[in-house]
Structures are given as C-alpha cells and as structure tokens.
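What follows is a single structure, written as structure tokens, with notes after it.
The values are calculated or read from the model by the stated rules, or taken from the named source; none is laboratory data. The structure displayed is predicted, hence computed values, not measured ones. Positions of Cβ are backbone-derived with ideal geometry, glycine not excepted, and every protein chain shown enters the neighbour counts. Surface areas here come from the heavy atoms of the whole protein model, side chains and all, with no ligands, DNA or RNA. Shrake-Rupley method; radii C 1.70, N 1.55, O 1.52, S 1.80 Å.
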Amino acid sequence: MSTTTEAAADGHGRPPTQIAVTVNNDPVTLPAHRMTGAEIKAAAVEQGADLQTDFQLSVKKGKHYDVVGDSEVISVHEGQEFIAVAADDNS
C-alpha cells in the first residue's frame with residue numbers, strides 16, 4: 001500500500017524535484033533539472049506567468065540573455081532568471 005508521500009516520490013523514493021526560477025519576473029517551479037525551452041514555457045503558462053507558449057524564451061547568463069530554443073534541452077537551477085517575449089513580426 002502506498003502513501004501520498006510515496007506516490008509523489010520519483011520512483012527512487014526521493015521527493016519530486018522543485019526548482020524555483022522566475023519567468024518574466026513571475027515565480028515558477030520547474031519539475032526537473034533538464035528541460036526544453038517549450039517545457040519551461042508550458043510550466044510557466046500553467047502557473048500563471050505572463051507569457052504565451054509561442055514567445056521566444058531566453059535565460060540570463062551574467063549580464064546578457066541567451067535564447068533557448070523550444071526543442072533545446074538546458075540545465076536549470078534554483079534562482080535562474082528567464083524572459084519570454086513575443087517574436088518580432090518582420091513581414
């Protein structure tokens with residue numbers, strides 16, 4: 001018989017990962033240390049962050065931001081800062 005705590009554990013008896021980051025200055029909790037840009041945006045939208053899943057995601061690296069592609073897998077860590085902006089319409 002499993003308990004609620006065991007059901008929430010990851011398969012190895014550890015509690016689920018919860019990584020606190022910000023996306024557009026909104027607090028977001030991510031469930032894994034390696035995620036795609038699309039997964040990060042989806043988690044942020046699900047948690048009420050002010051963005052849309054078709055926005056371009058960037059991660060803060062020092063004093064600048066690096067673009068994170070939707071299918072690009074990155075390592076995420078506690079306190080990381082992301083911004084997501086609407087793609088430019090160059091038509």
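Summed over segment 18-58, the residues that are charged (D, E, K, R) and open to solvent by less than 10 Å² (accessible area, probe 1.4 Å) give a count of 1.
Give the residues of segment 59-89 that are of a type in the set (Phe, Trp, Tyr) and surrounded by fewer than 19 Cβ atoms within 10 Å (Cβ to Cβ), sorted by residue number. Result: TYR65, single match. From the residues in segment 40-91 that are in a strand (DSSP E or B) and of a type in the set (Asp, Glu), which one is farthest from ASN25 (Cα to Cα)? Looking at the filtered set, the residue picked out is ASP66. Does ASP70 meet the test of being over 22 Å from PRO16 (Cα atoms) and more than 13 Å from the chain's Cα centre (by Cα)? No: the conditions fail for ASP70.
Taking the condition open to solvent by 80 Å² or more (accessible area, probe 1.4 Å) and modelled with pLDDT under 95, does PRO15 pass? Taking the combined requirement at face value, the residue satisfies it. Looking across segment 15-39, just one residue is in a loop (DSSP other than H, G, I, E, B), closer than 16 Å to PHE55 by Cα and out of contact with any helix residue (DSSP H, G or I) (no Cβ under 9 Å at 6 or more places or on another chain), and that is ASN25.
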